[in-house]
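S.K.: Would you mind keeping the following structure in view while I ask a few things?
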Amino acid sequence: MAAAEHTPDGAGGSQPDVSVVIGSWNGRDLLSDCLRSIEEQTRRTHEVIVIDNDSDDGTAEMLRAEFPQVRLIANGDNRGFAAANNQGLALVRGRNVLLLNPDTVVLDGAIDRTLEWLEHHPDVGCVGCQVLASEVGVQRTCFSDPGPLNLFLVATGLHRITAGRVLGRPHYRGWDRGDERDVDVVSGMFMLLPRQVTDEVGPMDETFFIYSEEADWCRRVRDSGYRCVFAPVAQIRHRDGGGNSTRLMKPRMYVELQRSRLMYVRKHYGPAGSAAARATLLISEVARGAAFGLASLAARGSNARARARLAWAAARFHLTGWEPA
């Protein structure tokens with residue numbers, strides 16, 4: 001279905017320092033808090049573009065009524081994370097581009113601080129900042145390239161054994177996110193890039209509906225000769241905070257996560273890498289389904305039953321291509 005656009009008065013003025021692009025779906029109240037934090041905490045010139053993926057919770061109406069300065073693209077269907085962000089990228093006017101999740105809150109001038117850091121590092125193509133999972137806890141954002149080896153380490157749980165450079169590499173275990181570091185992938189909830197880099201690298205790959213699109217984009221940034229960096233010069237708060245996400249995740253989204261991982265490996269590691277990744281994921285999900293199924297019989301009130309349901313849905317997908325509704 002066609003998208004409807006709301007363009008604020010004066011949108012064609014001077015070039016802002018940064019264009020903030022936010023893809024949204026059924027998160028009206030979270031998005032409202034996010035937008036208010038941007039306005040309260042950002043002094044640098046900026047524009048905000050929101051792409052709403054056919055929310056049915058009144059998001060578009062809220063934006064038109066409460067944030068008339070925001071440029072709104074209201075899609076008639078859910079086009080996914082990558083496609084929505086690409087719609088925003090096609091409209092940006094700023095010298096820099098920030099992709100920001102709607103369930104975040106900007107703290108203590110985070111956009112301004114990260115912009116200033118980026119402007120002093122011309123060899124950086126993408127930078128992320130610290131993300132608070134709670135009032136005091138820093139979330140484990142950024143990760144290494146999700147190729148077949150790292151996928152194996154995560155699927156088998158070996159990455160949890162040690163924080164060493166080999167086994168702990170997928171999620172950079174042992175790193176407290178307290179210092180600056182080059183990373184393979186900057187987490188998609190806060191990705192700041194110079195406009196020249198987005199123009200050079202091009203838009204996100206829309207074959208990724210959701211998940212792994214930031215890994216693919218960062219890989220292309222690095223392949224173009226730029227660094228991807230985590231710089232703890234500023235903080236945002238993630239409202240989900242990494243809580244009980246497994247218990248709340250629906251089988252459809254879990255299967256989409258599995259699919260995106262396979263798509264990434266096939267794109268960058270070829271058919272052999274994809275076959276190895278599929279075998280790894282299948283064996284892992286069968287083992288998880290059996291283990292959590294047994295645990296659910298003994299642990300009443302736990303989330304083991306939900307975990308088993310997700311694992312069996314993923315295993316069925318890998319075996320037959322079945323997809324939950």
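S.K.: So which trypsin sites (Lys or Arg not before Pro) in region 294-325 are both in a DSSP loop and have at most 15 other Cβ atoms within 10 Å of their Cβ?
M.R.: Arg300
S.K.: How big is the shadow of the Cα convex hull of region 187-325, averaged over all directions, in nm²?
M.R.: So the Cα hull casts an average projection of 10.7 nm².
S.K.: In whole Å and largest first, what semi-axes does the C-alpha gyration tensor of region 245-320 yield when each eigenvalue is scaled by 5 and square-rooted?
M.R.: 26, 12, 8
S.K.: Related question: If you wrap a convex hull around the C-alpha atoms of region 151-203 and split its volume per residue, what is the figure in Å³?
M.R.: Hull volume over Cα atoms, normalised by residue count, gives 127 Å³.
S.K.: Another one. Give the longest segment of the chain that steers clear of chymotrypsin sites (Phe, Trp or Tyr not before Pro) in DSSP loops with at most 15 neighbouring Cβ atoms within 10 Å, not counting the sites themselves.
M.R.: Answer - 1-174.
S.K.: Taking R0 as 51 Å, what's the FRET efficiency between Asp223 and Leu297 from their Cβ-Cβ distance, rounded to 0.05?
M.R.: So the FRET efficiency works out to roughly 0.60.
S.K.: Another one. Kirkwood Rh over Cα pairs of region 105-244 into Stokes-Einstein at 37 °C, 0.692 mPa s: D in µm²/s?
M.R.: 209
S.K.: Determine the calculated [θ] at 222 nm for the chain from helices alone, applying -39500 (n - 2.57) to every DSSP H run no shorter than 4 residues and normalising by the residue count; nearest 500 deg cm²/dmol.
M.R.: Calculated from helices alone, the mean residue ellipticity at 222 nm is -13500 deg cm²/dmol.
S.K.: Taking the Cα atoms of the chain, what is the range of coordinates along each of the three principal axes, in descending order and whole Å?
M.R.: Principal extents (largest minus smallest coordinate, Cα): 60, 41, 40 Å.
S.K.: Got a sec? How would Val186, Val233 order by Cβ neighbour count within 10 Å, fewest to most?
M.R.: Fewest to most other Cβ atoms nearby, the residues stand as Val233, Val186.
S.K.: Give the separation of the Cα centroids, region 257-320 to region 96-171, in Å.
M.R.: When both Cα centres are located, 24 Å separates them.
S.K.: Quick check: pseudo-label points 7 Å beyond the Cα along Cα→Cβ at Asp77 and Asp29, how many nm apart are they?
M.R.: 3.1
Laboratory data are not the source of any read-out in this text; all were calculated from the coordinates shown. This structure is a prediction, so every number in the text was calculated from the model and none was measured. We place every Cβ from the backbone using ideal geometry, glycine too, and count neighbours over all the protein chains shown.
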